[in-house]
Amino acid sequence: MAQPYPARLDARLDEPINRLLWLVKWALLIPHFLCLVVLWMALSLLTIVAGFSILVTARYPRNIFEFNVGVMRWTWRVAFYGINAFGTDAYPPFSLKSDPDYPADFHVDYPERLSRGLVLVKWWLLAIPQYIIVGVLAGGFGLNAGGAWRLTGGGGVIALLALAGAVVLALTGSYPRQLFDVTIGLSRWCFRVLAYVALMRDEYPPFRYDGGGADRGTPPEAPGELPLAA
């Protein structure tokens, strides 16, 4: 059996879902988008700081690690609500912290030590094959004019599948579960790569699709989650 990856993305389909609310969710998320612009600028700068720390101490500063995971978690909740899944009508919280009551979450296991050598090459050279895949799935990772990391979306396979699910929801009143599982699995792939290129783990993200709402690395006793994917 394949080993779970230490970056875990989870979601559960939070039915019932309003048939037409997805048409305006992007507008409702504008305050989140404004917050995330600032948070991702901070994450980019702090990742550089963490990189120097790893070079010197082989450790990722714990406070920076928790902050960066929180930004990714916030991003995933926003994507789950209105971009990558439309899987809930519960408005995402303005919070970096994990909330077991919200139907989308993201965790990365903290590493006690990281490779000093890998920090120089994993975020660009080693990750090139993964960047190509993420570019197709999510619209890609990129650098803005100031050299800061950003996670872009729109036009990727995930967004198109989520839109298809929303259209089926509007027509039938039910979100197709198999399509939901696929969109979550593809989002899971992207966020594993994100954790790797943000220097949080040395384990290379697997070229493996793990569909379904619950990540295979999430403890099964965690409240409110779906059964683990086969």
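The numbers here are math on the coordinates, done by the rules we state, and not lab data. Since the structure is predicted, the reported quantities are computational estimates derived from the model, not experimental observations. Here the Cβ is made from the backbone with ideal geometry for all residues, glycine too, and neighbour counts use every protein chain on show.
Here are some notes:
- Applied to region 156-172, the Karplus parametrisation 6.51 cos²θ - 1.76 cosθ + 1.60 on θ = phi - 60° returns per-residue 3J(HN,Hα) values of x, 4, 4, 4, 5, 5, 5, 5, 4, x, 5, 5, 4, 4, 5, 7, 10 Hz, with x for Gly and Pro.
- Amide H to amide H distances under 5 Å link GLY156 with GLY139, where only residues 5 or more positions off or on other chains count and H is placed in the peptide plane.
- Highest mean packing comes first when the peptides 100-110, 17-27, 183-193, 81-91 are listed by Cβ atoms within 10 Å, giving 183-193, 81-91, 100-110, 17-27.
- With contacts taken as Cα pairs under 8 Å and at least 6 residues apart, region 67-139 reaches a relative contact order of 28 percent.
- Potential lengthening between ASN63 and ASP89 on full extension [0.36 nm per residue; Cα-Cα distance subtracted]: 6.2 nm
- Sequentially through region 60-67, phi angles give Karplus couplings (6.51, -1.76, 1.60; θ = phi - 60°) of 8, x, 4, 5, 5, 4, 5, 5 Hz, Gly and Pro residues having no value and appearing as x.
- Centre separation in Å (Cα based) which lies between region 51-112 and region 186-206: 12
- Backbone amide hydrogens, once placed in the peptide plane, bring ALA214 within less than 5 Å of ALA11, LEU226, ALA229, excluding anything fewer than 5 places away on its chain.
- Long-range amide H partners of ARG59 with built H, under 5 Å: ILE54, LEU114
- Within region 51-130, the trypsin sites (Lys or Arg not before Pro) that combine a DSSP coil assignment with at most 16 other C-beta atoms in a 10 angstrom radius are ARG59, LYS97, ARG113, ARG116.
- The relative contact order of the chain, computed from alpha carbon pairs under 8 Å that lie at least 6 residues apart in sequence, is 29 percent.
- Computed 3J(HN,Hα) for region 77-86, one whole-Hz value per residue from the Karplus formula 6.51 cos²θ - 1.76 cosθ + 1.60 where θ = phi - 60°, is 4, 5, 5, 5, 6, x, 9, 9, 7, 6, glycine and proline marked x.
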